[in-house]
Amino acid sequence: DVKVTQSSRYLVKRTGEKVFLECVQDMDHENMFWYRQDPGLGLRLIYFSYDVKMKEKGDIPEGYSVSREKKERFSLILESASTNQTSMYLCASSLSGAGSKNIQYFGAGTRLSVL
Amino acid sequence: RKEVEQDPGPFNVPEGATVAFNCTYSNSASQSFFWYRQDCRKEPKLLMSVYSSGNEDGRFTAQLNRASQYISLLIRDSKLSDSATYLCVVNMRPNQFYFGTGTSLTVIP
């Protein structure tokens, strides 16, 4: 079974704090993704990575950065947290390739509240 | 126009009913299509991939209509345990997936 683990289920941070969200997968997947999910907006892609040290901006990268130093780990960083970054953050991983190879597997999510 | 659009529902159906959801997508060059299921406060999980010729998995049938750019999910003989939000997912560009906002289903005893 594919396992994608996010370091925290719930986080409460203050405005202006630097926040790290960690994600680890154990299936040697090339691709990793960070999404945020908000009511009425669905899942929106923040960043993805297709290889170690490689990253691509998604649809809403502003206010976020990422780090992928090892294949199994993909970190999302909020340099200076703001209240509009309160959300559910979901990490996912997948193989490279077309069709059923690029099925995404999700972690349990981190519910972040910025006060 | 959103890249992927779904009717948010909610769909409230009695046990045993048949229910169908549609999802439209904007990019005619889209390559892969999926239905995910998400339970309340949980992560999305793959329900089924959608193949060009249509495919079935037990009570679930998925269809793809490339000409009209939509995919559908049919659930037969609904169970209480089918209550969830169903997300349509479209792979439009390499490694980029677009999610619908989800369709909420409640199966009523």
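Go through segment A:36-52 residue by residue and tally those that are assigned to a strand (DSSP E or B), facing chain B (nearest Cβ under 9 Å) and among the aliphatic types (A, V, I, L, M).
2
Looking at this structure, is A:PHE74 at the interface with another protein chain (Cβ under 9 Å from one of its Cβ atoms), in contact with a Phe, Trp or Tyr (Cβ under 9 Å, 6 or more places away or on another chain), surrounded by 14 or more Cβ atoms within 10 Å (Cβ to Cβ) and not acidic (Asp, Glu)?
Spelling it out, it is not the case that A:PHE74 is at the interface with another protein chain (Cβ under 9 Å from one of its Cβ atoms), in contact with a Phe, Trp or Tyr (Cβ under 9 Å, 6 or more places away or on another chain), surrounded by 14 or more Cβ atoms within 10 Å (Cβ to Cβ) and not acidic (Asp, Glu).
In segment B:50-68, what residues are in contact (Cβ under 8 Å) with a residue 12 or more places away in the chain, within 14 Å of chain A (Cβ to nearest Cβ) and within 14 Å of B:TYR86 (Cβ to Cβ)?
Within segment B:50-68, B:VAL50, B:ALA62 meet the criteria.
For B:ILE71, state whether it is aliphatic (A, V, I, L, M), in contact with a helix residue (DSSP H, G or I) (Cβ under 8 Å, 6 or more places away or on another chain) and either more than 14 Å from chain A (Cβ to nearest Cβ) or farther than 23 Å from A:GLN37 by Cα (or both).
no
Being charged (D, E, K, R), exposed (fewer than 15 other Cβ atoms within 10 Å of the Cβ) and modelled with pLDDT of 95 or more is the filter here; which residues of segment A:1-16 pass it?
Hit for segment A:1-16 is A:ARG14, nothing else.
Scan segment A:78-85 and tell me whether some residue there is surrounded by 13 or more Cβ atoms within 10 Å (Cβ to Cβ) and either part of a strand (DSSP E or B) or facing chain B (nearest Cβ under 8 Å) (or both).
Among the residues of segment A:78-85, at least one is surrounded by 13 or more Cβ atoms within 10 Å (Cβ to Cβ) and either part of a strand (DSSP E or B) or facing chain B (nearest Cβ under 8 Å) (or both), which makes the answer yes.
Of all the residues that make up segment A:94-115, how many are modelled with pLDDT of 95 or more and in a strand (DSSP E or B)?
6
The values are calculated or read from the model by the stated rules, or taken from the named source; none is laboratory data. These figures come from a predicted structure and were not determined experimentally. Cβ coordinates were reconstructed from backbone atoms using ideal geometry, including for glycine residues, and neighbour counts include every protein chain displayed.
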